[in-house]
Amino acid sequence: MELVEETPYRFRIDRHDSMRVPGVVFASRPLLPDAGADKSLDQVANVATLPGIVTASYAMPDIHWGYGFPIGGVAATDVEADGVVSPGGVGFDISCGVRLLAAGLDRAELRPRLDALMDGLGASTPRGMGKGAVWHLSDRAELDAVMRGGSRYAVERGYGVERDLTRCEDYGAVADADPAQVSARALERGAAQVGSLGSGNHFLEVQAVEEVYDEAVASAFGLRAGQVAVMIHCGSRGLGHQIATDFIHTMEQVMPRYGIDVPDRQLACAPVSSPEGRDYLGAMAAAANYARANRQLLHHAAREVFQRITGSDLDLVYDISHNLAKIETHGVDGDQRRLCVHRKGATRALPPGHSDLPDDLRDVGQPVLIPGSMGTDSYVLVGVPGAPAFASTCHGAGRMQSRKQATKAARGHDPRRELEAQDIAVRGKSRRGLAEEMPIAYKDITAVIEATEGAGLCRRVARLVPIGVAKG
DNA sequence: ATGTGC
């Protein structure tokens, strides 16, 4: 794949074959995927062939190989020009995202109670494959309420406070959820998982604000140096996974009917305005709301433990997804167009002044929450005016080694001891689970953030370091 | 990511 270096942080893949737009990769040269081991640049080019795609097929600095679309990919299609929606452009973990909570105490004050806190969080955070959850919903009506109401429904039920909604993307729920499009199998898988972390790279982490780059913006977000914070990274569990599986299958079936030809079967898609496209977006929105409710319940559980052990509350800084498609209006060649913006392993980053921001963040911009790999730093960023890629940025460190490779590379390592040697308390997770998440399997988060900022996608606000982690 | 996949 031939890359043209436009700037040190921006590379172009010129149109070739059936590409409708160029590819644009935001990265530094060292962060570019290794063409031998990772086909994600081919995936950037493949995405550029989708009907209705506008401007470019984008990739963020944490790009790596994914199902059809690269992870770290952004693609927008013009709804009024037969633009398509593709489940592979959202991913299997629909609305996977990050919620950051700010505590009212400093790292030094927490130290004597850290073990008790971690024990409490370990016990109150359902995690791992299958396993338990904060809620077990047996009746369909209540699961429907979760899928329509998202974290609003959780707060109505007493699992949170009003501010948890104003600081959540979409104020806790998107309006266009259509639970009728969610299969019986997806409902069955999701019913007993509302309020659970899952496994893989999902975690609940106690962190400390190590460095603040912009005091004014950090203060507006509710963050200051030395402060304790909690980061929750999880998604829509089996419900979202099953919805993705169901609709990939549906779209594979109907694609020929719409005359759509794609270079990779995994790019299965349908026009946004087709019945299948609308049904997917309705089911996807239901999963998005489910994921917000999931993070709200885990927030509530952590808040109760925090209050009990430390006397401090956990205020929501922000909750934002990095696996979602949204209908948004953006300028394209001087026109305002309704676009279906796919962000897969990419985070929305609204600039200051955007009308979708809550009042107290309107002047500063949207918080962007970027989890590092296990045992490494996490970052809080903010959206900037005039950013490319439809107001999107990176989502994390980005995997470089497969889980299998990572397990192999971890031979001779004791991941738990290595974390504890860094003064990071660990709760849960098997040796194998930890081995798969070793930082050597990921890109360097600081290099990713530097490239993201260098490319003009967003700006640094604060850096957080891990103190304790609970994983599935 | 996932009632892992090899």
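The values are calculated or read from the model by the stated rules, or taken from the named source; none is laboratory data. For clarity, every value in this text was computed on a predicted model and none was experimentally measured. Cβ sites come from the backbone with ideal geometry, for glycine too, and all protein chains shown count toward neighbours. The area values use the complete protein model at the heavy-atom level, side chains included, leaving out ligands, DNA and RNA. Shrake-Rupley method; radii C 1.70, N 1.55, O 1.52, S 1.80 Å.
With respect to (1) charged (D, E, K, R); (2) at pLDDT 95 or above; (3) out of contact with any strand residue (DSSP E or B) (no Cβ under 8 Å at 6 or more places or on another chain), the lone exception for A:R460 is condition (3). Just to be sure, is A:I440 under 22 Å from the mean Cα position of the chain (by Cα) and open to solvent by 10 Å² or more (accessible area, probe 1.4 Å)? Yes: the conditions hold for A:I440. Looking at the range A:459-471, can you tell me whether even one residue there is part of a loop (DSSP other than H, G, I, E, B), at negative phi, more than 14 Å from DNA strand B (Cβ to nearest atom) and buried (at least 22 other Cβ atoms within 10 Å of the Cβ)? No, the range A:459-471 contains no residue that is part of a loop (DSSP other than H, G, I, E, B), at negative phi, more than 14 Å from DNA strand B (Cβ to nearest atom) and buried (at least 22 other Cβ atoms within 10 Å of the Cβ).
Quick check on my filter: what residues within the range A:391-414 are assigned to a loop (DSSP other than H, G, I, E, B), closer than 30 Å to A:P352 by Cα and away from DNA strand B (no atom under 16 Å from the Cβ)? Within the range A:391-414, just A:A391 meets the criteria. Number of residues in the range A:290-333 that are touching a residue at least 40 places away in the same chain (Cβ under 8 Å), in a helix (DSSP H, G or I) and open to solvent by 10 Å² or more (accessible area, probe 1.4 Å): the value is 7. Could you please let me know if A:G68 is under 18 Å from the mean Cα position of the chain (by Cα), farther than 17 Å from A:R337 by Cβ and surrounded by 24 or more Cβ atoms within 10 Å (Cβ to Cβ)? So A:G68 fails the test.
Please go through the range A:334-378 and pick out each residue that is within 24 Å of A:A56 (Cα to Cα) and of a type in the set (S, T, Y). Listed by number, the list holds a single entry, A:T347. For the range A:160-178, the count of residues that are touching a helix residue (DSSP H, G or I) at 6+ places or on another chain (Cβ under 6 Å), hydroxyl-bearing (S, T, Y) and either open to solvent by 30 Å² or more (accessible area, probe 1.4 Å) or within 16 Å of DNA strand B (Cβ to nearest atom) (or both) is nonzero.
Considering A:L41, A:L105, A:L100, the condition of being crowded, with 21+ Cβ neighbours inside 10 Å and part of a strand (DSSP E or B) is satisfied by A:L100 alone.
Of the numbered criteria (1) open to solvent by 10 Å² or more (accessible area, probe 1.4 Å); (2) farther than 25 Å from A:G83 by Cα, the one A:L361 fails is (1).
I'd like to check something: does the range A:151-159 contain any residue that is in a loop (DSSP other than H, G, I, E, B) and out of contact with any His (no Cβ under 9 Å at 6 or more places or on another chain)? Looking through the range A:151-159, at least one residue is in a loop (DSSP other than H, G, I, E, B) and out of contact with any His (no Cβ under 9 Å at 6 or more places or on another chain).
Table: residues versus (1) of a type outside the set (S, T, N, Q); (2) in contact with a Cys (Cβ under 8 Å, 6 or more places away or on another chain).
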| site | (1), (2) |
| --- | --- |
| A:G72 | yes, yes |
| A:T77 | no, yes |
| A:D82 | yes, no |
| A:D93 | yes, no |
| A:V98 | yes, no |
| A:L101 | yes, no |
| A:L105 | yes, no |
| A:G120 | yes, no |
| A:T125 | no, no |
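When the test is whether a residue is open to solvent by less than 10 Å² (accessible area, probe 1.4 Å), touching a residue at least 24 places away in the same chain (Cβ under 8 Å) and farther than 26 Å from A:L324 by Cβ, A:L434 passes it.
Is there a residue in the range A:90-97 that is surrounded by fewer than 21 Cβ atoms within 10 Å (Cβ to Cβ) and either of a type outside the set (D, E, K, R) or closer than 24 Å to A:N323 by Cβ (or both)? Yes: one or more hits. If the condition is being of a type in the set (A, V, I, L, M) and either under 24 Å from A:E450 (Cα atoms) or open to solvent by 20 Å² or more (accessible area, probe 1.4 Å) (or both), then the range A:1-38 contributes A:M1, A:L3, A:V4, A:I13, A:V24, A:V25, A:A27, A:L31, A:L32, A:A35, A:A37.
What do you reckon, is A:G128 more than 17 Å from A:A425 (Cβ to Cβ) and surrounded by fewer than 21 Cβ atoms within 10 Å (Cβ to Cβ)? In short, yes.
Of all residue pairs spaced 6 or more apart or on separate chains, those with beta-carbon atoms under 9 Å, a first member in the range A:233-248 that is more than 16 Å from A:S321 (Cα to Cα) and assigned to a helix (DSSP H, G or I) and a second member that is small (G, A, S) and near DNA strand B (Cβ under 7 Å from one of its atoms) are A:G238/A:G130; A:G238/A:G198. Out of all the residues in the range A:182-192, is one or more over 21 Å from the mean Cα position of the chain (by Cα), acidic (D, E) and within 16 Å of DNA strand B (Cβ to nearest atom)? Looking for residues that are over 21 Å from the mean Cα position of the chain (by Cα), acidic (D, E) and within 16 Å of DNA strand B (Cβ to nearest atom), one finds at least one in the range A:182-192, hence yes. Take the conditions (1) within 16 Å of DNA strand B (Cβ to nearest atom); (2) of a type in the set (K, R); (3) surrounded by 17 or more Cβ atoms within 10 Å (Cβ to Cβ); (4) over 22 Å from the mean Cα position of the chain (by Cα); A:R427 misses just one of them, which is (1). Regarding the range A:39-49, can at least one residue be identified that is within 16 Å of DNA strand B (Cβ to nearest atom) and not polar (S, T, N, Q)? Yes, the range A:39-49 contains a residue that is within 16 Å of DNA strand B (Cβ to nearest atom) and not polar (S, T, N, Q).
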